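Have a look at the structure below before the remarks.
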Amino acid sequence: MENLTNIIEAVVFASGEAVPVKFIVEKLNCSLKEVNSSISELKEKYSGENGIHLLTFNGKLQFATNPKYKNPVSDVITPIKEKEFTKTILECAALIAYKQPITKPELEEIRQVSCDYAIHTLLELEMIVPCGRKDAVGKPILYATTDNFLKRFKLNSIEELPDYDELMAQIAELNSSLLSDDEEDANYLYHRDEYVEEGPAQDKAEAEKNTPETTDDGYEIPDFISDDDDVIKID
């Protein structure tokens, strides 16, 4: 297949999760030999000093950041993750606070939706923590809130939790403030004035010529849209 390497590269990037090699073989109607050849090309491309590495493990492919750049990546990404609170994630945090200790299956039974992303995000932000395992089939992990949860909601202790409706109102307010922060970020990046520097009229005209088209509010109008490998996955 022409451009198989490029297609696999696009698939792995778009997925964001580990992609089974067998799915690639099945869905692209190509041979395992062809896929392995493309994987070899990609592993050579995404290795060494490159900021992105291609991981192969358990017959799957996934892109991950180069561990060499872990600290600077964390410096930039951590503040961004702090803004990734959605109402859903905050609601999960609230339910854990009221029902703790609680398991993920119990949380999903209450909300009737998958809570994988919410649990993962809350763990990364250290707002919840595993606190044991429930004596039930599969020994599911129990979760409880942390001091960071109390700080987020300005509580001295879990006993100070307001009633559920009041906490939901706080969540809505926090979510609204985060959306406002995003608007400020967009203004910083895309406001027309950022593209026009003071200088000779000709330079200014050139700058305006290269300025992206914007709305009346000054925002840019975007231009749309081997199974035996034992490499350890890097989060």
Legend entry - Single condition Thr5 does not satisfy, out of (1) within 27 Å of Tyr117 (Cα to Cα); (2) out of contact with any Cys (no Cβ under 8 Å at 6 or more places or on another chain): (1)
Inset, instruction - Starting from region 149-165, take each residue that is exposed (fewer than 10 other Cβ atoms within 10 Å of the Cβ) and list its partners that are modelled with pLDDT of 80 or more, counting only C-beta distances under 8 angstrom and pairs at least six apart or across chains. - result: Asn156/Leu150; Ser157/Leu150
Inset, instruction - Go over the candidates Glu9, Glu84 one by one and state the one that is modelled with pLDDT of 95 or more, within 24 Å of the chain's Cα centre (by Cα) and of a type in the set (D, E, K, R). - result: Glu9
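Could you run through region 120-148 and say how many residues are part of a helix (DSSP H, G or I) and surrounded by fewer than 19 Cβ atoms within 10 Å (Cβ to Cβ)? Even if it seems obvious, please write down each step before you answer.
Keep residues of region 120-148 that are part of a helix (DSSP H, G or I), which gives 120-124, 147-148.
With the extra rule that they be surrounded by fewer than 19 Cβ atoms within 10 Å (Cβ to Cβ), the set shrinks to 120, 123-124, 147-148.
The number of residues fulfilling the criteria is 5.
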Legend entry - 3 or more residues open to solvent by 30 Å² or more (accessible area, probe 1.4 Å) and charged (D, E, K, R): qualifying helices (runs of 4 or more DSSP H) within region 1-70: 21-28, 32-45
Inset, instruction - Just need a number here: residues in region 13-71 that are basic (Lys, Arg), within 26 Å of the chain's Cα centre (by Cα) and farther than 16 Å from Asn3 by Cβ. - result: 5
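The values are calculated or read from the model by the stated rules, or taken from the named source; none is laboratory data. Only a predicted model underlies this, so the values are computations on that prediction, with no experimental measurement involved. Glycine also receives a Cβ, built like all others from the backbone with ideal geometry; neighbour counts cover every protein chain displayed. Protein only, heavy atoms only, side chains kept; ligands, DNA and RNA dropped before computing areas. Shrake-Rupley method; radii C 1.70, N 1.55, O 1.52, S 1.80 Å.
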